[in-house]
1. From the backbone phi of the stretch 56-65, what are the Karplus-calculated ³J(HN,Hα) couplings (6.51 cos²θ - 1.76 cosθ + 1.60, θ = phi - 60°) in whole Hz, Gly and Pro given as x?
2. Please list, in chain and number order, the residues 5+ apart from Ala68 or on another chain whose amide H is under 5 Å from its amide H, with Hs placed from the backbone.
3. Can you tell me the FRET efficiency between Cys98 and Asn71 if r is taken as the Cβ-Cβ distance and R0 is 22 Å, rounded to the nearest 0.05?
4. Apply the Karplus parameterisation 6.51 cos²θ - 1.76 cosθ + 1.60, with θ equal to phi minus 60°, to every residue of the stretch 33-46 and state each ³J(HN,Hα) to the nearest whole Hz, in sequence, with x for glycine and proline.
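Just so it is clear, none of the values below were taken in a lab; they were calculated from the coordinates. Everything quoted here is computed from the prediction, not taken from an experiment. Counting neighbours? That spans all protein chains shown, and the Cβs are built from the backbone with ideal geometry, glycine included.
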Amino acid sequence: MSQLNNDRSIEPIIYLAILFLAFICTFAAEDCNPESDGKPICSERNNGMRFRNYWDPTKYWSCNDMKAISNGCQPSKLYDEKSQDCINWYEWVWSNPCPELSAGEIF
């Protein structure tokens, strides 16, 4: 009987852990939508940061004063997400805007 009570006391913890993981995965999935242009939702947390424009590699987004601003690279340059800068077109390599996240990358 004691073992049965111990098993039941763990059930709420397991239930809450599953809900928490579902909540985290939902927000991780919302951060990246390959069907969008990648326009960020600017906040104090990402103010001053740059973001890739998924539709146009000659452009990128920046968060300035909590507003998303579309910026363009100089002629013959494309925005590189890795270096967070515009680079020569012949150095640029396309990458998936929303690589699949593993559980280790979420946390």
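1. Running phi through 6.51 cos²θ - 1.76 cosθ + 1.60 with θ = phi - 60° gives 9, x, 7, 10, 8, 9, 9, 9, 10, 6 Hz.
2. Amide H neighbours of Ala68, under 5 Å, 5+ apart: Cys42.
3. On the way: r = 21 Å, r/R0 = 0.96.
For R0 = 22 Å, the calculated efficiency reads 0.55.
4. 10, x, 7, 9, 8, x, 4, x, 8, 7, 8, 4, 5, 10
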